[in-house]
Amino acid sequence: MRKKLMKTALVVISLTIFATTVLLAEPLFQAPVLISSAGQSADVKLVGMLAKRAQIENIVELIATEKNLDGIKTLIVVPGFSSKGLGAAGVSAADEINRVKALLAAANEQNIPVVLVHIGGNARRYGQSDQFIEEVAQYAKAMIVVEQGNEDQLFTKIASEKNIPLTLVPKIVAAGEPLKNFFK
Amino acid sequence: MRSRHFKNIIEAGILTFLLILIYSFNLYATDNIASGKQGMVATAHPLATEAGLNILKQGGNAIDAVVASAFAIGVVEPDASGVGGGGAMVIWLNDKKESVYINYYQKASEKVDKINYNSELDRHTAKAVLIPGTVDGLLTALERYGTMDRQQVMEPAIRYARDGFEIDGTLAGILLDNYQITLEDSESASIFTEEGFPRMEGDILVQENLAHTLELIAENGRDGFYGGSIAKDLVTRINNGGGVMTFADLQNYYAQIGVPVQGNYRGYDVIAAGPPQSGASVIEALHILENENLTKKGHYSESAQTLHIMAETFKRIYTDRFTFMEDPLFGEVPIRGIVSKDFALGRYHDINPYRAEPRKYSDTKPGNPFKYNRTSARTESGVKENKDYQWSDDVDDENSGSEDWSEDMFDSWGSRKKIKTKQVLKKAVKDTIIVDEDDYEEYDGHTTHMSIIDKDGNAVSLTQTLGTFFGSGIMVDGFLLNCGMSNFSSTSEVNSVAPNKQPRSSISPTIILKNDEPYMVVGSPGAGRIISTVVELIVNGIDFSYSAQAVNDAPRFYCQKFDEYLHVEGGISEGVIKSLKRKGHNIKQYGNLDLFFGGAQLILVDPRTQTYYGAADKRRGGIAEGY
């Protein structure tokens, strides 16, 4: 009985080591990446710059739809409400919410993982920005957040409830490294 | 039993007290309102407010304070105004019962006809830059009407630039939204970004070069800016970048000093910035609205009738503005007609009270203010005429160059250069669908406004700008340069570009008087929305007796000729929205307190207690402080 237990334990440990090794060898997410906005803030372009610097193959599409998911292996969504951005895109807040919902649902259906990247700090929190954060968080498999945007622990709470990794960074520029690691 | 009952009452009392305490705390925590009897300063940034307030406390007057705040705001809100831009101020000198209008808007180079400007492609290039007026405007105000010296009033601005200040949420958001512009210029990028990404809220923004520039101005006055190393750097940079600017342009730039355009609304005197600024449009709107009992109809947030009448008024005043308003030194602006109450009555009768008419806003026709241009609008105003000022209508000035007027008082009611009335009207009617560059809807508030009053009742309303946020994006010696060329019209003779001409501007700093005493000091940034916002603020104060904060907090709306939407801020009731749609308006709804509708800084005076109430706009970072 004791030997049997020992064998089972060894098998479990071996399998764990094997699985860990495999997981470590494989990147968490794969390129090509579609980067889109939720709320039309200009932050999405900054995330595009970060991805470019990290040499992650990506397409930035501010108002991406299901059609843009063809050939895409990861969807990065940058939540942040901007009236200016909505005005420039010629869409209402309601239209934007519907687009984001449809895009996320389509990605989920196609098993394309979603990464939430929030870099705008307080300027992209509360009010309508939080509505977009909540929508994206429902589907997120990982999050990178500039610390200032998490002062009220919103993202910590989401990560804990969904049991997904949350990487907090002090500055926008510091978001590049964890983003790179996701695809390494 | 009785003692238990007593205990319950005590507990309930304590609970109520705590609730009131919490409520009161929240009230003051969220409201940007202040009161005082000695002075009041309302600006878009706490440090600019502090600069002006300290000057008042040191014994300076409202003009000293506004110059201190205006230089300071160019440092702490470098995206919205500064020494590379221009503006206008309206001053009320309470002891003399005189009003003054200082126009220091940017103007075109004497060689401007040598460049081809495309507003879409060239806005963020040297081609967009006009001759900056802020330095001469502020120093002229200080020299003529202030009591302190340059070093005293510029000290806070220099300190903020040298030591740095903490970036607030408003500036952080603007840096995020506009980071691409900040990257286009290496000096600007070095200030506003870090490793290629925008600086964030809480970061310390140090502007060493700007501090040096301000020190040169403090030491040498206007020559420190319009001459010497800064002039050399400006001319070199602009010409190397494809624009035009000459040393003569800079040396000959002088702010214009004159009397404001005046009107009267329900017994209150309105003094505002004349053309090329848009105070006359504010007055035209108020004169039209005076024909309606708005108080009886109800506030526009709850009354579709009121909002409809105001929206139809806006369609008409914006159309008249687009058709007739420009730099009065370069064309005949029928300003007396525009602010005539007879003209306003005709425009009022043109409004259908039941439906949007014309249904297409762009079909709105201009009125004929020339018909009323001989009316003396001054007689309709209770504001006493400044005897030192000469009205220019009788002056033969065909041969006068604009430079010659720069040091003179000029008349913001009329023009210097005569064009035959019929020609202008014919052209205006023919060109009713003119899409002006300055009428395109920029989203942001841009620009900045401040309102100040001192213990003696002297008041200043000042609005200044770089054009759009970050102006041309070009930075020289630490300051950003304006993109004023975009405010000229490319498809219309009215407001077309010409050497030494100022473009038309929406800015409308305004002071309201009651019985020759200040009642309201008001103004706002917000591109084309400035005019409608200022009108709504005045209506909220006069027709609805709102408190300063309520005047500022009330929801806003906006419409004009070249945009088929009635833009409505959150807070207008759903019933009103439905009714407006039935009347034929296309509604575009916004959230509550949206920056699209400006960032007003205002002061209201309680005539009974002579207490000043200041209110900064929650739509934009800012604060009012008094003592």
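Loop only by DSSP, 13 or fewer other Cβ within 10 Å of the Cβ. Give me the chymotrypsin sites (Phe, Trp or Tyr not before Pro) in the range B:315-377 that pass, ordered by residue number.
Qualifying residues, ordered by number: B:Y354.
Taking the Cα of B:R162, stepping 7 Å toward and past its beta carbon, and measuring to each backbone N in the range B:475-512: which are under 19 Å?
B:477-479
For the range A:28-182, just say rounded, prolate or oblate: build the C-alpha gyration tensor, square-root its eigenvalues into a ≥ b ≥ c, call rounded for a/c under 1.5, and beyond that prolate if a/b exceeds b/c, oblate if not.
Rounded, since a/c falls under 1.5.
Which pairs in the list B:K97/B:K341; B:K315/B:K583; A:K84/B:K583; B:K114/B:K501 are over 18 Å apart, alpha-carbon to alpha-carbon?
Beyond 18 Å: B:K97/B:K341; A:K84/B:K583.
In peptide A:38-44, what is the residue-averaged number of other protein chain Cβ atoms found within 10 Å of each Cβ?
So the per-residue partner count for this stretch is 2.
Would you grab the residues whose amide H sits under 5 Å from the one on B:L480? Only those 5+ places off in sequence or on another chain, please, with H modelled 1.01 Å from N.
B:G84
Taking the Cβ of A:P178 as the centre, find all other residues whose Cβ is under 15 Å away and add up their charges (Lys, Arg: +1; Asp, Glu: -1).
It works out to a net charge of +3.
Quick check for me: using +1 on Lys/Arg Cβ and -1 on Asp/Glu Cβ, what's the dipole size of the range A:28-182 about its Cα centre, in debye to the nearest 20?
340
Run the quick spin-label model on B:E195 and B:R355: label points 7 Å from Cα toward the beta carbon, then report their separation in nm to one decimal.
The modelled label-to-label distance comes out at 6.2 nm.
Give me the net charge for the shell around B:N209: Cβ to Cβ below 9 angstrom, other residues only, Lys and Arg +1, Asp and Glu -1.
-3
About the Cα centre of the range B:142-263, how large is the charge dipole given +1 on each Lys and Arg Cβ and -1 on each Asp and Glu Cβ? Please answer in debye to the nearest 20.
Around 580 debye, computed over the range B:142-263.
Among A:Y126, A:L179, A:S83, whose Cα lies farthest out toward the positive end of the dipole of the range A:28-182, if unit charges sit on the beta carbon of Lys, Arg (+1) and Asp, Glu (-1)?
Final value for the positive-end residue is A:L179.
Quick check: net charge around A:R99, other residues with Cβ under 15 Å of its Cβ, Lys/Arg +1 and Asp/Glu -1?
-3
Using a 7 Å offset from Cα along Cα-Cβ at B:E184, what residues in the range B:219-259 end up with backbone N under 18 Å from the label point?
Hits in the range B:219-259 for B:E184 at 18 Å: B:237-245.
Starting with the highest mean, order B:217-228, A:77-88 by the number of other Cβ atoms within 10 Å, averaged over the residues of each peptide.
Packing order, densest peptide first, comes out as A:77-88, B:217-228.
Rounded if a/c is under 1.5, else prolate if a/b is larger than b/c, else oblate: which is the range A:85-137, with a ≥ b ≥ c the root eigenvalues of its Cα gyration tensor?
Oblate, since a/c reaches 1.5 and b/c is not below a/b.
Sticking with the crude label model, points 7 Å out along Cα→Cβ, report the distance from B:R374 to B:H212 in nm, one decimal please.
About 6.1 nm separates the two model spin labels.
Quantify how strongly other chains surround peptide A:121-127 by giving the mean number of their Cβ atoms within 10 Å of each of its Cβ atoms.
Going residue by residue through A:121-127 and averaging, the value is 5.
Read-outs: derived from the displayed coordinates by stated rules, not from any lab. Computed from a prediction, not measured in an experiment: that's the story for all the values here. Virtual Cβ from ideal backbone geometry, glycine too; neighbours counted across all protein chains shown.
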